[in-house]
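S.K.: Here it is, the structure in full.
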Amino acid sequence: MKTKNLVVLALLVGMGAVLHAVVPGFFLGMKPDMMLTFMFLGIILFPDKKSVLLLGLVTGIISGLTTTFPGGLFPNIIDKFVTAFVVFGIFTALKSFQSSIIGVAILTAIGTIVSGTVFLTSALLIVGLPGPFIALFSTVVLPAAAFNTVFMIILYPIALSIVKRTKLTSQTISH
């Protein structure tokens, strides 16, 4: 793994961490997870197993440390690790959509829903939920999926432009 790639991944995680920390919880201590968008962007820019493993673990730990959800550390670690590899699997399987904004948007929506489902399920099993699963899913996960998708539609072209201008090594960016 190249140092430049590690720096970019660290910057993405850092930006996601800042947004995750400042966005307030709005429903029973839960909030949309802004780190997911940056994790997905890192997976899209650097789709290799080492980067995905690193992103999943680091994003999970930082997200868990900055969560407003009671007892959310371990559910966040589990969620991000699982979600990172699910998104990586979908991304590598659907090669025709890899550089398309529509494909990236759909991947973000699916990834956010997977993340929310894994988080709520693991939280339910580990610490319990502060409300009904379906209520938390419909009031936090689905709006977060919509928000993250719109955010990625805005963020992806900007990131792609920066990657092209800086000649950053990426396996999928070949435009």
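S.K.: Angle between the Cα long axis of helix 73-93 and the longest principal axis of the chain, 0 to 90 degrees, nearest 10?
M.R.: With both axes taken from Cα atoms, the answer is about 40 degrees.
S.K.: Given the peptides 84-92, 32-40, arrange them by the average over their residues of other C-beta atoms within 10 Å, most packed first.
M.R.: Top to bottom by mean Cβ count within 10 Å: 32-40, 84-92.
S.K.: What length, rounded to one decimal in nm, is gained on full extension from S99 through to M15, with 0.36 nm per residue of separation minus their alpha-carbon distance?
M.R.: 28.0 nm
S.K.: Further question on the same structure: With charges only on Cβ, +1 for K and R and -1 for D and E, what is the dipole size of the chain about its Cα centre, in debye, rounded to 20?
M.R.: Rounded to the nearest 20 debye, it is 620 debye.
S.K.: Oh, and also: How big is the Rg/Rh ratio for the stretch 12-97, C-alpha atoms only, Rh by Kirkwood, two decimals?
M.R.: Numbers: Rg = 12.8 Å, Rh = 12.9 Å.
Using Cα coordinates only, the ratio equals 1.00.
S.K.: Once label points are set 7 Å from the Cα along Cα→Cβ at both S138 and L6, what is their separation, rounded to one decimal in nm?
M.R.: 4.7 nm
S.K.: Could you give P(r) for the chain, binned at 5 Å from zero, as whole percent values over all Cα-Cα pairs?
M.R.: It works out to 1, 9, 19, 23, 21, 13, 8, 4, 1, 0, in whole percents.
S.K.: Something else now. Need one number: nm distance between label points at I162 and I61, each 7 Å from Cα along Cα→Cβ, rounded to one decimal.
M.R.: 2.3 nm
S.K.: How many lysine pairs are close in the chain, with Cα atoms under 17 Å apart and the two 8 or more places apart or on different chains?
M.R.: For the chain, the number of qualifying lysine pairs is 12.
S.K.: Testing the spin-label approximation: label points 7 Å from Cα along Cα→Cβ at T68 and A146. State their distance in nm.
M.R.: 1.9 nm
S.K.: Pairs of alpha-carbon atoms within less than 8 angstrom and 6+ residues apart define the contacts here; what relative contact order does the stretch 49-175 have, in percent?
M.R.: Working: 118 pairs, mean separation 29.3, N = 127.
Contact order relative to length: 23 percent.
Read the figures in this text as sums done on the coordinates, not as results from a lab. All figures in this text were calculated on a predicted structure; none of them were measured in a lab. In this analysis, Cβ positions are derived from the backbone assuming ideal geometry, glycine residues included, and neighbour counts consider all displayed protein chains.
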